[in-house]
Amino acid sequence: MVQARRLPPKKSETNESLRINQAIAKTGFCSRRNADELIAAGRVKLNGKVVKDFGVLVSDKDKLMVDNKPITVKRYTYVAMYKPFGIVTTCQDDQERETILDLLPENLQHLRPVGRLDLASEGLMILTNDGDLTQKLTHPSMHTDKRYVVTVKGSMTPQDLKLMASGVELDDGITMPAKVRLLGHGKKIQSTTSFELVITEGRNRQIRRMCEKLGYSVIRLVRTGIGALQLGKMTPGTWRYLTVEEINAVNNQYGRSTSSNRSKTKNRS
């Protein structure tokens, strides 16, 4: 069994306050626009007092009320993990194999993985209870960059690398244009080629099938980035909370930065 280890927290990993209209919207009570109307009408109370200042910030310790009824702010949790080889990225496995949730402490096992990596692949996985962020990173219309380092058997030709970039004809259609950068060749036991590949679609086993189509077998496949989020210096089995800056970067990337103070739950592990 893989023993997951949490990386030391970064300075920015703190619970941030939300503007009062954001805080109301986060409860699911209404939209931010409707929250503004409630505030203007004097129907919102913060810690027992009517609030009409739209710039007021709300923290976890504050008590919000609308029409004298308490409402609770939803808090979201965001975790980055280096998924090791051989770990299943589903929440449950009918073959009783170890899943990605098994690598997290019990208080974080309510999170859900954003997308998937197959059993033999490694690298960056994001887990969260924020459906909006999951949608931003996974919906096909977003064309989110997914960055990989791929090592294959054999010395890959420049022509094949160009073909990887321009598109490979698979049984479910030609792949979309990608970015390819040669990293080097290895010759210790057998000839190998390593390259960085950035794709914007997520077909099943896409990279492995692209390589197989060109006559190359994948030795190792590591995802190093998803959109603005990067694996960095994480090692297999480690996990950490995303920083506020990283969450903002995802929102900014899609032009909907409405959660500049979006926070995560405290670590209780």
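By how many nm would the segment from residue 145 to residue 213 grow when fully extended, if each residue of separation counts as 0.36 nm and the alpha-carbon distance is taken off? Don't jump to the answer; show the numbers that get you there.
Working: separation 68, 0.36 × 68 = 24.48 nm, distance 2.22 nm.
Extending this stretch completely gives an extra 22.3 nm.
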- Can you tell me the order of 209-221, 86-98 when each peptide is scored by its average per-residue count of other Cβ atoms within 10 angstrom, highest first? 209-221, 86-98
- Task: Please report the relative contact order for region 78-241, taking Cα pairs under 8 Å with a sequence separation of at least 6, and give it as a percent rounded to a whole number.
- Result: 30
- Percent of alpha-carbon pairs separated by more than 18 Å within region 18-71: 11
- Task: Between residue 119 and residue 41, with labels modelled 7 Å along Cα→Cβ, what's the label distance in nm to one decimal, could you check?
- Result: 5.7
- Quickly estimate the mean residue ellipticity at 222 nm for the chain, helices only: each DSSP H run with n ≥ 4 gives -39500 (n - 2.57), and the total goes over all residues, rounded to 500. -5000 deg cm²/dmol
- Task: Could you work out how far the C-alpha centroid of region 211-226 sits from that of region 112-189, in angstrom?
- Result: 8
- Task: Taking each pair of different alpha-carbon atoms in region 88-155 once, compute 1/r for the pair, average those values, and report the inverse of that mean as the Kirkwood hydrodynamic radius in Å to one decimal.
- Result: 13.8
- Note on region 59-99: C-alpha Rg/Rh, Kirkwood Rh, two decimals, gives 1.33
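Test of understanding: express the Cα radius of gyration of region 1-159 as a ratio to 2.2 N^0.38 Å, with N the residue count. Walk me through the numbers on the way to the answer.
Numbers: Rg = 21.3 Å, N = 159, 2.2 N^0.38 = 15.1 Å.
Working it through for region 1-159, the quotient is 1.41.
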- For the chain, built as a Gaussian network whose Cα springs stay under 10 Å, the top-fluctuating residue of 68, 21, 252: 68
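The numbers here are math on the coordinates, done by the rules we state, and not lab data. In this text, all values refer to a predicted model and were calculated from it rather than measured experimentally. So basically every Cβ, Gly included, is an ideal-geometry build from the backbone, and we count neighbours across all protein chains shown.
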